[in-house]
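**Q** Please find one structure pasted underneath; my questions will follow.
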Amino acid sequence: RGQAGRALWASAFPSHPAGRPATGTAESLAAVTVDAMRAGLAAQMRRDGLLVAASGAIRPEELAALLPTLFGGLPAGAPAEPPSLPPFTPFGRQVVPVASPQSQVILGQPGIAPNDPDWEAAQVVLRVLGGGGFSSRLMEAVRVQRGLTYGIGVGLDTMFGGGVVTCAFATENAKVPEALDVTRGVWTDMAKDGPTQAELEEAVAYLTGSLPLQFTDSRRIAATLLAMRRNGRPLDWLDGRNSRLRGITRDGAARVAAALLKPQSLAVTVAGQPAGM
């Protein structure tokens, strides 16, 4: 899966940091020098570029008083703004040869930005499509009905102010073409008609009901607050989230599905020895 993922991102964003693995490669790590590491830290670890989120037995004024002690030694100023996410390159299909009885398949297409007004509706659409375990359309069509994979899921990655929709599964080399055809067919149906009323209600019930699980401990609370800050969301964004989800209509979800999902331009990366590819 690692090889398939690296190849997909590199082809989708060939000249942008999003196309390079955050952990580097064997070649890039071997070339790193001590001076380069020091220069990187000096450029990135700066006082005005920090986002701080905290959760626990501390008051805001107490945290504010601690910040100069914790971070006052950092140089002033903010790091350079990273480049915005460029358009997703629809590169078609590619194969990374791997000697294995199974192939790992990853599909990708442009996603939706965190500040898009249709963010909640997109979450509903993607959950129905491939984010709901055995209740998702892709799991039903690819695993339950045809036994082509053990699991298949859809996710939305956000970075550099943009978003990318990905779908991943593994299957026998001989079954790759069939599994891809079925996946694209489900993608097409969702783009054409959107979720049913029953699917919409189930997705909304899950997304609203699972929200409290993000606040079961201080670490998760702080991580949620930090993610909100990184995405430029105000502190009261969560207050209206459930109401926004419950306000989504089936027609609204269908409109977002048609605008978001791009079955004909899905980019496909296969790591393995797929038949016919």
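**Q** Over segment 15-57, average the accessible area per residue using a 1.4 Å probe and give it in Å², no decimals.
**A** With all protein chains present, segment 15-57 gives 73 Å² per residue.
**Q** Count the DSSP beta bridges whose two residues both fall in the chain, then state the antiparallel fraction as a percent rounded to the nearest 5.
**A** In the chain, DSSP labels about 80 percent of beta bridges as antiparallel.
**Q** Roughly what angle does helix 250-260 make with the longest principal axis of the chain, taking Cα atoms, 0 to 90 degrees, to the nearest 10?
**A** In the chain, helix 250-260 runs at an angle near 80 degrees to the longest axis.
**Q** Also, quick follow-up: Just to be sure I understand: with springs between alpha-carbon atoms less than 10 Å apart, which residue in Pro21, Pro110, Pro195 has the highest mean-square fluctuation in the Gaussian network model of the chain?
**A** Among Pro21, Pro110, Pro195, the largest mean-square fluctuation in the Gaussian network model of the chain belongs to Pro21.
**Q** For segment 1-79, what is the Kirkwood estimate of the hydrodynamic radius, computed as the reciprocal of the mean inverse distance between distinct Cα atoms, to one decimal in Å?
**A** Here the Kirkwood hydrodynamic radius works out to 15.9 Å.
**Q** Still on this structure, please answer the following. Compute the normalised compactness of segment 63-190: alpha-carbon radius of gyration over 2.2 N^0.38 Å, N being the residue count.
**A** Compared with the compact-globule rule of thumb, segment 63-190 sits at 1.44.
**Q** Along segment 189-197, what does the Karplus equation 6.51 cos²θ - 1.76 cosθ + 1.60 (θ = phi - 60°) give for ³J(HN,Hα), rounded to whole Hz, x for Gly and Pro?
**A** My calculation for segment 189-197 gives 4, 5, 5, 6, 10, x, x, 6, 4 Hz in order.
**Q** In deg cm²/dmol and to the nearest 500, what is the mean residue ellipticity at 222 nm of the chain if only DSSP H runs of at least 4 residues count, each as -39500 (n - 2.57), divided by the residue total?
**A** -11500 deg cm²/dmol
**Q** How tilted is helix 60-71 with respect to the longest principal axis of the chain? Cα atoms for both, answer in degrees (0 to 90, nearest 10).
**A** 80 degrees
**Q** Per residue, what accessible area does segment 190-237 have, given a 1.4 Å probe and all protein chains present, in Å²?
**A** 62 Å²
**Q** Separate question: For segment 1-140, rounded, prolate or oblate, judged on the Cα gyration tensor with a ≥ b ≥ c (square roots of eigenvalues), a/c < 1.5 rounded, else prolate if a/b > b/c?
**A** oblate
**Q** Just to confirm, what accessible area per residue do you get for segment 134-182 at 1.4 Å probe, in whole Å²?
**A** Value returned for segment 134-182: 42 Å² of accessible area per residue.
**Q** On alpha-carbon atoms, Rg over Rh for segment 152-224 using Kirkwood Rh?
**A** 1.08
**Q** Which three extents, in whole angstrom, do the alpha-carbon atoms of the chain cover along their principal axes, largest first?
**A** Here the spans come out as 60, 50, 30 Å, largest first.
**Q** Further question: Between the alpha-carbon centers of segment 103-177 and segment 45-60, tell me the distance in whole angstrom.
**A** Taking the Cα centre of each part, segment 103-177 and segment 45-60 sit 34 Å apart.
**Q** If I compute solvent accessible area with a 1.4 Å probe over the protein chains, what percent of it on the chain is carbon and sulfur?
**A** Carbon and sulfur atoms account for 56 percent of the accessible area of the chain.
**Q** What ranking do 261-268, 245-252 get when scored by the average of other Cβ atoms within 10 Å per residue, highest first?
**A** 261-268, 245-252
**Q** At q = 0.17, 0.30, 0.31, 0.32 Å⁻¹, what is the log10 ratio I(q)/I(0) for segment 83-127, with the Debye formula run over Cα points and no solvent?
**A** Per q value, in the given order, log10 I(q)/I(0) is -0.75, -1.15, -1.17, -1.20.
**Q** Per 0.36 nm of contour for each residue apart, how much would the distance between Arg20 and Ala43 grow if the chain were fully extended, relative to their Cα-Cα spacing?
**A** 6.4 nm
**Q** Let me check the size of segment 112-266 from its C-alpha atoms; what are the radius of gyration and Dmax in Å?
**A** According to the Cα coordinates of segment 112-266, Rg and Dmax are 16.3, 50 Å.
**Q** Follow-up. Averaging sequence separations of C-alpha pairs under 8 Å and six or more residues apart, then dividing by the length of the chain, give the relative contact order as a whole percent.
**A** The value is 29 percent.
**Q** What is the set of long-range amide H partners of Gly153 at a cut-off below 5 Å, with H atoms built 1.01 Å from backbone N?
**A** Under 5 Å from the amide H of Gly153 lie the amide H atoms of Ala168, each far enough along the sequence or on another chain.
**Q** For segment 178-261, would you read off the P(r) tail past 15 Å as a percentage of all alpha carbon pairs?
**A** Roughly 69 percent, rounded to a whole number.
**Q** What is the distance in Å between the Cα centres of segment 2-32 and segment 184-244?
**A** Between the Cα centre of segment 2-32 and that of segment 184-244, the gap is 29 Å.
The values are calculated or read from the model by the stated rules, or taken from the named source; none is laboratory data. It should be emphasised that the depicted structure is a prediction, and the values quoted were computed from it without experimental measurement. So basically every Cβ, Gly included, is an ideal-geometry build from the backbone, and we count neighbours across all protein chains shown. Please note that ligands, DNA and RNA were not included when accessible areas were found on the heavy atoms of the full protein model with its side chains. Shrake-Rupley method; radii C 1.70, N 1.55, O 1.52, S 1.80 Å.
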